[in-house]
Amino acid sequence: MPYLSLTTWSLHRHLGPLRWTRWVAESKTQAVEIQHQPETVTLLELPSVLEEKGFSAVEVCHFHLPETSEDYFSKLRAAVQAAGIRLYSLLVDYGDISSSDPERRSADIAFMKQWIDYASAAGAERVRIIAGDADPADQEGFDRAAGALLELIRIRFGPRGSDRD
């Protein structure tokens, strides 16, 4: 049965500060930049608002999460369950797993692994990740991204994922 879902990106001007992750090439590290936005509704209030408006599911963008503590994820799971909607997916909207820089690629894969764990803790049914910044015609970049995606799949499915290599 079809259902109506909404991504928090559609409301990004109402959910408070955005937490953008970026790669700092000079220091070969990730940094978080906060972009201040008004908060007219909290992420914990959003599930009940969506339910009242007829939505059945929500996708949460990682940069909308104000914190990544187990306590916060418990509260988010409870808010979603109380509203009777689904946390359909968590969008991890950062990372370049196609990067030719092995340090960048490794750091971004680790970042995505951490967010897969966070998605599970929050009760998300799925995780949506981006495959990188390589040009679509860059076969080597495509191969690097494919290898990283297989690595990330193995986190969830274990060695059985290697049957599909």
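Over the chain, what is the percentage of antiparallel beta bridges among all DSSP beta bridges, to the nearest 5?
40
May I ask you to list the residues of region 30-53 whose amide nitrogen lies under 12 Å from a point 7 Å from Cα along the Cα→beta-carbon direction of Asp101?
Counting backbone N atoms under 12 Å from the label point, the list is 30-31.
With charges set only on the Cβ (+1 for Lys and Arg, -1 for Asp and Glu), what does the dipole of region 1-118 come to about its Cα centre, in debye to the nearest 20?
Charge dipole, region 1-118, about its Cα centre: 160 debye, nearest 20.
Per residue, how much accessible surface does the chain expose to a 1.4 Å probe? Answer in Å², no decimals.
The answer is 57 Å² per residue.
List the aspartates and glutamates whose Cα sits under 15 Å from the Cα of Lys28, skipping any in the same chain fewer than 8 residues away.
Asp96, Asp101, Glu103, Asp108
Determine the dipole magnitude for region 52-111: charges of +1 sit on the beta-carbon of Lys and Arg, -1 on that of Asp and Glu, nothing else is charged, the reference point is the Cα centre, and the result goes in debye to the nearest 20.
320
Could you list the GluC sites (Glu not before Pro) in region 44-113 that lie in coil according to DSSP, counting only those with at most 13 other Cβ atoms within 10 Å of their Cβ?
Details: sites: Glu45, Glu51, Glu52, Glu59, Glu67, Glu70, Glu103; in loops: Glu45, Glu67.
When the GluC sites (Glu not before Pro) of region 44-113 are filtered for loop state and at most 13 Cβ neighbours within 10 Å, Glu67 remain.
For Gln114, project a label point 7 Å along Cα to C-beta. Then give me every residue of region 65-81 with its amide nitrogen under 19 Å of that point.
Counting backbone N atoms under 19 Å from the label point, the list is 65-74.
Within the accessible area of region 42-165, what % is carbon and sulfur when the probe is 1.4 Å and the other protein chains stay in place?
In region 42-165, the share of accessible area belonging to carbon and sulfur is 50 percent.
Could you tell me the relative contact order of region 1-113? Use alpha-carbon pairs under 8 Å, at least six residues apart, and round to a whole percent.
Numbers: 172 pairs, mean separation 30.9, N = 113.
Across region 1-113, relative contact order equals 27 percent.
For every other residue with a beta carbon closer than 10 angstrom to the beta carbon of Val32, add +1 if it is Lys or Arg and -1 if Asp or Glu, then tell me the sum.
+1
Quick one, which of [x] 9.7; [y] 8.5; [z] 11.3 is the actual mean projected area of the Cα convex hull in nm² calculated for this model?
The value matching this structure is [z].
The values are calculated or read from the model by the stated rules, or taken from the named source; none is laboratory data. A quick note: this is a predicted structure, and the numbers were derived from the prediction, not measured. Quick reminder, even Gly has a Cβ in these numbers, built from the backbone with ideal geometry, and neighbours come from all protein chains shown. Heavy atoms of the whole protein, side chains included, go into the accessibility calculation; ligands, DNA and RNA do not. Shrake-Rupley method; radii C 1.70, N 1.55, O 1.52, S 1.80 Å.
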